[in-house]
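The values are calculated or read from the model by the stated rules, or taken from the named source; none is laboratory data. What you see is a predicted model, and the numbers here were worked out from it, not measured in a lab. A quick note on method: Cβ atoms are made from the backbone with ideal geometry, for glycine too, and the neighbour counts reach across all protein chains shown.
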Amino acid sequence: MVLPFEVTISARDLYFILLVLLKAPGGARIYGAEETRKKILGYTKCRRFDDLQTAVLASLAARRNEVRLVRNATLASRTPHCIIPKNETVKLSSLGGPWRLRVYHEMPCNDLRIDGLSRYCQSLFVLCDGARLSIERMSLEAKQTVSLSDPYLALILDGGNPGVVTRSEGVTLNGYVDGEHAVVQRNFPVLADLLEANVMERRNSEIAAGAFAVIG
């Protein structure tokens, strides 16, 4: 099955692929065939991922700043699902579609079960200071494994320059708090630190470490 999240690779990576093709034995002949070259470029210019956070960080690394949903998809529960780093801009859109992104939410781990704040920890997105997120042409559907209050679409960590979430008219929400986002001060000593620690515990990888480093 096709992986659900698509990102266009950087121009540098695309040039490198073309250079390798041109220098390979018989590559000049293939490169000179326009239709064949177009097919190769069409196949190699994008990368696909099964993880939203990985796709977002890949789009930022490639300076493309867009993740495209290419089919209906379901994300298993975790806290948080996706962090938008400090001062970065990301667009999440449907390629074709519009497609449905179904997201499972469950009660946060014990460290995040803070009175009155556990609802915030279930958010699909966490926006760091100055982050911008736009969502276009898709259906976002929240599913809960236990009886919980509707989660927020986004948790905004405000350190003086709060992030912004915008939705086009083609975006529908099902199961999320509609029309508002949770805003928590970035220097809130418990929630922000525990969210960051939970990211590191959940994904001990270079990508998780990168996301942690740019939270700010």
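Of all residues in the stretch 100-127, those satisfying the criterion of being out of contact with any Cys (no Cβ under 8 Å at 6 or more places or on another chain) and modelled with pLDDT of 85 or more are ARG100, LEU101, ARG102, VAL103, TYR104, LEU127. Filtering the stretch 56-76 to residues that are among the small types (Gly, Ala, Ser) and either surrounded by fewer than 16 Cβ atoms within 10 Å (Cβ to Cβ) or within 17 Å of ARG100 (Cβ to Cβ) (or both) leaves ALA61, ALA73, ALA76. Considering each residue of the stretch 4-14 in turn, at least one proves to be acidic (Asp, Glu), in contact (Cβ under 8 Å) with a residue 60 or more places away in the chain, surrounded by 15 or more Cβ atoms within 10 Å (Cβ to Cβ) and outside any loop (DSSP other than H, G, I, E, B). Restricting the stretch 15-55 to residues that are on the phi < 0 side of the Ramachandran plot and small (Gly, Ala, Ser), the residue that is surrounded by the most Cβ atoms within 10 Å (Cβ to Cβ) is ALA55.
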